[in-house]
Amino acid sequence: MTTAQLRAARAHYLLGLAEQPADQWHGFYRARRESGNYGYRFQVAFTAYALAAIARRIPDERPRITRALRLLIERMGDFRSWGYWAGWPSSPLHRENVQYSGHLACMLAAYQALDPADESSEGGATPVRATLRDAEGRLTSHSTDFDSLRASLARQMGASRSGGIACESGCIFPTCNDHALIALAAGDPPKVPEASGGDRWLAFLQRRLVVPAGTWWPRGIIRLVYMEPHDLAIPVSLAFTDAWTLAFLSPVAPGLVRELAPRLWRQLRRDRHGLFLGAPPLFDRLEIANAALATGFAYVLARELGEITIAEGLHRWADARLRPLAGNGVALYNMAPQPYVTALFALGEAIEAGELRAIFDVRGTDPQGWAGMVVGGGNGPHPPTAVPEPGPNTGGRGEVRGRGPTPSPSDQRKSRRDIGTGSGTAARG
């Protein structure tokens with residue numbers, strides 16, 4: 001399959017997910033806990049990001065993909081995407097819950113970057129609002145547009161001690177705050193006094209959450225979570241969250257990411273198929289992460305930084321180990337959660353170095369603004385990173401050892417998900 005054929009097949013698969021009737025969820029993975037990392041909101045959001053990237057490579061499909069992004073924004077408003085928050089007293093949009101609001105804002109940014117104007121709006125952006133629906137499908141009072149949601153994110157960052165926004169009460173994760181940063185840096189700055197809250201978060205991230213090189217513990221790059229009520233940065237880091245944080249921090253803090261990325265490359269492992277970033281099997285059982293997702297984020301980062309040799313090694317491993325399926329005009333990886341995993345690789349395949357900024361129309365890279373917060377500064381030429389050499393034990397603790405990613409219990413239950421080729425048993429959320 002040529003590059004163009006693969007890209008078209010990826011687009012066909014992801015468009016099939018987006019364009020189905022709003023009350024159907026065929027092909028989406030049904031997580032055990034929607035509050036976890038395999039939930040619908042992440043599958044929907046990353047599907048949107050991948051399609052936005054593909055639209056830049058297949059101009060003829062741009063109108064269709066733009067419509068698909070609107071449908072995905074509507075799907076993000078489905079109760080199945082946000083209902084995990086229904087028991088909380090605060091709004092799912094405007095207080096905490098950046099694991100949802102940050103991604104929704106990024107989806108709106110990607111949509112506006114694809115469809116900045118139409119004839120009916122006299123040169124303005126095509127209006128699009130996200131309105132949440134309840135479990136019965138009825139419209140709720142929770143409704144927002146891009147500018148309102150960005151203003152809300154900015155106000156929350158401005159009111160926070162650290163400049164970050166919590167996912168759950170008091171728990172601030174760098175991963176999802178990346179998406180709030182991208183939304184604030186997209187297009188024209190939000191017109192609120194707290195618009196500089198993102199700068200404060202980046203400064204805090206570097207001062208308190210980036211693990212100094214050579215630290216014995218934690219061994220990773222970025223601490224997993226900051227507990228703001230206790231002013232405590234948890235001394236734990238994960239390869240999965242390191243890869244995610246760096247990949248989506250790169251549009252707003254490229255210098256910092258370039259400085260830290262070599263530490264992630266040193267965590268990569270090699271088997272006879274290629275390179276991968278591992279995750280303990282327990283994480284997959286708990287639906288925190290698996291090697292497929294960790295490697296997918298590493299692949300996006302490698303492509304974004306122009307690390308072609310590393311990216312090719314990661315892609316070879318995925319093609320050998322993530323159960324690729326091609327047929328009926330679609331191409332996907334049949335490793336749960338399938339839409340999420342496939343979208344990450346489709347996103348990486350569609351971008352060139354530095355292109356995530358364009359996908360979200362990120363403009364906040366002025367040396368006195370966003371990029372001024374980075375360590376090591378700038379986006380200039382850099383030498384290629386050495387590919388890690390295989391060691392005597394290329395699996396390592398928590399890594400995959402040679403039979404492909406350890407199938408999770410969810411992969412054993414065919415009735416829980418559809419492989420997405422149009423011929424499997426449909427899983428409904």
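Amide H contacts of A331 (H built 1.01 Å from N, in plane; Pro and chain starts excluded): R10, Y13 sit under 5 Å, all sequence-distant by 5 or more or on other chains. Of the residues N97, A289, V257, the one whose Cα sits farthest towards the positive end of the charge dipole of region 3-399 is A289 (charges of +1 on Lys and Arg Cβ, -1 on Asp and Glu Cβ, taken about the Cα centre). Placing R0 at 35 angstrom, the Cβ-Cβ distance between E352 and E136 gives a FRET efficiency of 0.20 after rounding to 0.05. Dipole size of region 1-107 about its Cα centre, with +1 on Lys/Arg Cβ and -1 on Asp/Glu Cβ: approximately 240 debye, rounded to the nearest 20. For region 3-399, would you read off the P(r) tail past 26 Å as a percentage of all alpha carbon pairs? Pairs farther apart than 26 Å: 49 percent. Only the Cβ atoms of Lys and Arg (+1) and of Asp and Glu (-1) were treated as charged; on that basis the dipole of region 150-289 about its Cα centre amounts to roughly 400 debye. Return the FRET efficiency for the residue pair A203, N328: r is the Cβ-Cβ distance, R0 is 56 Å, and the value is rounded to the nearest 0.05. The pair A203/N328 has a calculated efficiency of 0.65.
Decide, for region 201-252, between rounded, prolate and oblate: order the square roots of the alpha carbon gyration tensor eigenvalues as a ≥ b ≥ c, take rounded if a/c falls under 1.5, and otherwise choose prolate if a/b is larger than b/c, else oblate. Judged from the Cα gyration tensor, region 201-252 comes out oblate (a/c at least 1.5, b/c at or above a/b). So if we plug the beta-carbon distance of R161 and W216 into 1/(1 + (r/R0)^6) with R0 = 25 Å, what FRET efficiency do we get, rounded to 0.05? According to the calculation, E is roughly 0.35. Between amide H atoms placed 1.01 Å from N, distances below 5 Å from H142 occur with L132, all of them 5 or more places distant or on a separate chain. In sequence order, region 28-40 has phi-based couplings of 7, 7, 9, 6, 5, 10, 5, 6, x, 7, 9, x, 4 Hz under the Karplus curve 6.51 cos²θ - 1.76 cosθ + 1.60, θ = phi - 60°, and Gly or Pro positions carry x. 3J(HN,Hα) couplings calculated from phi for region 276-285 with the Karplus curve 6.51 cos²θ - 1.76 cosθ + 1.60 (θ = phi - 60°) are, in sequence order, 8, 10, x, 8, x, x, 4, 4, 5, 4 Hz; Gly and Pro show x. Annotation: amide H-H contacts under 5 Å for L232 (H modelled 1.01 Å from N, sequence separation of 5 or more, or interchain): M227.
Dividing the mean sequence gap of close Cα pairs (under 8 Å, 6+ apart) by how many residues region 227-365 holds gives a relative contact order of 25 percent. In loop segments of region 267-335 as defined by DSSP, the trypsin sites (Lys or Arg not before Pro) with at most 14 further C-beta atoms inside 10 Å of their C-beta are R272. For the pair region 228-268 and region 11-89, the centres of their Cα atoms are 25 angstrom apart. Phi angles of region 289-296 translate, via the Karplus equation with coefficients 6.51, -1.76, 1.60 and θ = phi - 60°, into HN-Hα couplings of 5, 9, 5, 5, 5, 4, 5, x Hz per residue; Gly and Pro are given as x.
In this Cβ point-charge picture (+1 for Lys and Arg, -1 for Asp and Glu), region 3-399 has a dipole of about 920 debye about its Cα centre. With contacts taken as Cα pairs under 8 Å at a separation of at least 6 residues, region 3-399 carries a relative contact order of 19 percent.
Since every read-out is calculated from the coordinates, none of them should be taken as a lab result. Since this is a predicted model, take the numbers as computed values, not measurements. Neighbour counts run over all protein chains shown; Cβ positions are idealised from the backbone, glycine included.
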